[in-house]
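Undergrad: Take this structure first; my questions come after.
The values are calculated or read from the model by the stated rules, or taken from the named source; none is laboratory data. Keep in mind the model is a prediction, meaning the values are calculated, not measured. We place every Cβ from the backbone using ideal geometry, glycine too, and count neighbours over all the protein chains shown.
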Amino acid sequence: MAMADSSCLHRPHVVVVPLPAQGHINALMHFSKTLAARGILITFLTTERLHHRIFRRPHQEISATLQDHHGLHIRFQVMPDDMLPDGGGATKIGELFEALQNKVGPMMEQLLRKVNEEGPPITCILSDSFFASTHQVASSLKVPRVVFWPYCAAASVAQANTQLLISQGFIPVKAEDVKNPTKLITCLPGIPPLLPKDLRSFYQEKCSSDLMFHTQVYESEIQNKADWVLVNTFEELEGTESIQALSKGYPAQAVGPVFLGEFLQGEHSFPKDIIRTSLWEENEECMRWLEKQAPTSVLYVSFGSYTLMSREQVQELALGLEGSEQPFMWVIRPDLVEGECSALPGDYLHRIKDQGLLVNWAPQLKVLSHPSMGGFLTHNGWNSTIESISMGVPMIGWPYWSEQFLNCRFSREMWKVGMDLECKADENGLVNSVEIEKVVRNLMQGNEGRELRKNAANLKEAAIKAVMPGGSSHTNIDTFVEHIRNLSQ
Ligand code: UDP
């Protein structure tokens, strides 16, 4: 990385460390842009491979372009690939977490020492909640560590209280409690009661000897040793108590939806090869396709960056979408389907040509904000969930793992903007095409769908208010920025 130029020298300097996975990079890049727009210098850490996959240009060149053409002081620092495997697929997740726990710390410390020497000095490290090693690095560099939770507050509180849940016998989560819960989890501060199924799927009994289980427990201990906590949610959605419950004596604040302020300002006019953070090439054809569709008529179908589906499930989904007779746009990531061969029936594309569009990867924010959007069939990853809520699009939830079951249930029961498809699965976990067809029709054409759409529109309004000047998240970000400025003086 180049030495600091003179315009950076007096800026507070925040090093941002996302987990190397799509949703985490997106959320932290959005937040970085918000901080940079308020005069903070950002050094954004990625791995070499991810940097290349996302930006396709050397990091020095992008840093310079952002500064010269957009006045945004965001620079990129890459970590060697052997330091941290990327989270590009579900099979690698254990490997990634092992590296986070055991390998990354000393190398990151070395790297950040250099960044610090080159200046301006690092004011604080802002790290993804799952990055325990940043705690050691921050202590050793004697700078504060801010923990950023890229989840809803309720899921964050549950994760931060892992030890309490272990001591009360809720973790490991027993299979029978997932199927037929007899007890609600009422011991967690500040949040509504949870079901055992709401806890992270990695905490299930069948995973209790997995590396993932143990690293999650370890990470949860370190997560609580922060100097400041930020959450990608907004107070009007989850209430201040749930956010305060993340504090162990230090400030905890909701600063989300992190993408929304920037999105409303039309910052998406940035040249996309400079600031886009997609791991896959976005298909721009889909915006032209959406232009031809009637208002609120299209179902957007996407399962984020990790979900895997069996060939059989993809076939049922394909038939269900077709049978619903609703226009749909379906993101089929190149690695969505388990196994090699194509899962779709041979003449499928031809059959649905006037009804649907299949793409590898979509510009999801643009898609969700399009007037033709009528619903989102989603895996309920937190980014997708909060993006849908902020765009006023009701959801059909089909959670896959992690805390997605909680996001799905809260969307349905608390926020009343979602339906649940996962509950229709048979004993083998398969949801058949008839169920899919029914729930899609219900969301897109039924009275229930209309009601959910109304609720989603209200939440959209609340989300927009939260990120506008004077709104709760906007004010919280101001407070945080003020704190960072004071630290750097
Ligand atoms: N996304 C996208 N295009 C797609 C699918 C997803 O840009 O075709 C983005 C989406 O907007 C979100 C992220 O990828 O920001 C997925 O994060 P999420 O937390 O929903 O799911 P994960 O990938 O972590 O399972």
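Undergrad: Please pick out the residue among Ile389, Ile352 that is hydrophobic (A, V, I, L, M, F, W, C) and free of Cβ contacts under 8 Å to residues at least 60 places away in the same chain.
TA: Criteria check complete, one pass: Ile352.
Undergrad: Select from the range 1-23 the residues that are in a helix (DSSP H, G or I) and either surrounded by fewer than 23 Cβ atoms within 10 Å (Cβ to Cβ) or modelled with pLDDT of 95 or more (or both) and list them in ascending order.
TA: Within the range 1-23, Ser6, Ser7, Cys8, Gly23 qualify.
Undergrad: Please tell me if Leu406 is within 20 Å of the chain's Cα centre (by Cα), closer than 19 Å to Gln204 by Cβ and more than 10 Å from the ligand (Cβ to nearest atom).
TA: Considered against the rule, which asks whether it is within 20 Å of the chain's Cα centre (by Cα), closer than 19 Å to Gln204 by Cβ and more than 10 Å from the ligand (Cβ to nearest atom), Leu406 comes out as yes.
Undergrad: Which condition does Phe263 not pass, out of (1) part of a helix (DSSP H, G or I); (2) more than 16 Å from the ligand (Cβ to nearest atom), if it passes all the others?
TA: (2)
Undergrad: May I pose another question? Those residues that are part of a helix (DSSP H, G or I) and among the hydrophobic types (A, V, I, L, M, F, W, C), I need them from the range 295-329; list them, please.
TA: Correct list: Val314, Leu317, Ala318, Leu319, Leu321.
Undergrad: A further question on this structure: With respect to Asn383, is the statement that it is surrounded by 18 or more Cβ atoms within 10 Å (Cβ to Cβ) and polar (S, T, N, Q) true?
TA: yes
Undergrad: For the range 342-390, enumerate the residues that are closer than 16 Å to Ser324 by Cα, aromatic (Phe, Trp, Tyr) and either within 15 Å of the ligand (Cβ to nearest atom) or in contact with a Leu (Cβ under 6 Å, 6 or more places away or on another chain) (or both).
TA: Matches in the range 342-390: Phe376 only.
Undergrad: Here is a list: Cys124, Cys152, Cys187. Which entry is within 29 Å of Thr240 (Cα to Cα) and in contact with a Pro (Cβ under 6 Å, 6 or more places away or on another chain)?
TA: Just a single option satisfies the conditions, and that option is Cys124.
Undergrad: In addition: In the range 341-376, what residues are over 16 Å from Ser278 (Cβ atoms), surrounded by 16 or more Cβ atoms within 10 Å (Cβ to Cβ) and not polar (S, T, N, Q)?
TA: Those that are over 16 Å from Ser278 (Cβ atoms), surrounded by 16 or more Cβ atoms within 10 Å (Cβ to Cβ) and not polar (S, T, N, Q): Ala343, Leu344, Tyr348, Ile352, Gly356, Leu357, Leu358, His370, Met373, Gly374, Gly375, Phe376.
Undergrad: Pick out, from the range 342-420, the helices (runs of 4 or more DSSP H) lying fully within it that include 3 or more residues that are hydroxyl-bearing (Ser, Thr, Tyr).
TA: Counting at least 3 such residues, we get 382-390.
So that you can scan it fast, the table gives a plain yes or no per residue for (1) within 18 Å of His214 (Cα to Cα); (2) among the hydroxyl-bearing types (Ser, Thr, Tyr); (3) touching a residue at least 40 places away in the same chain (Cβ under 8 Å); (4) outside any helix (DSSP H, G or I):
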position	(1), (2), (3), (4)
Leu96	yes, no, yes, no
Pro106	no, no, no, no
Val143	no, no, no, yes
Ser156	yes, yes, yes, no
Phe170	yes, no, no, yes
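Undergrad: Taking only the range 424-447 into account, find how many residues are surrounded by 14 or more Cβ atoms within 10 Å (Cβ to Cβ), outside any loop (DSSP other than H, G, I, E, B) and not aliphatic (A, V, I, L, M).
TA: Residues flagged as surrounded by 14 or more Cβ atoms within 10 Å (Cβ to Cβ), outside any loop (DSSP other than H, G, I, E, B) and not aliphatic (A, V, I, L, M) within the range 424-447 amount to 8.
Undergrad: Follow-up. Residues of the range 249-269 being surrounded by fewer than 24 Cβ atoms within 10 Å (Cβ to Cβ) and modelled with pLDDT under 90, which ones?
TA: Glu262, Phe263, Leu264, Gln265, Gly266, Glu267, His268, Ser269
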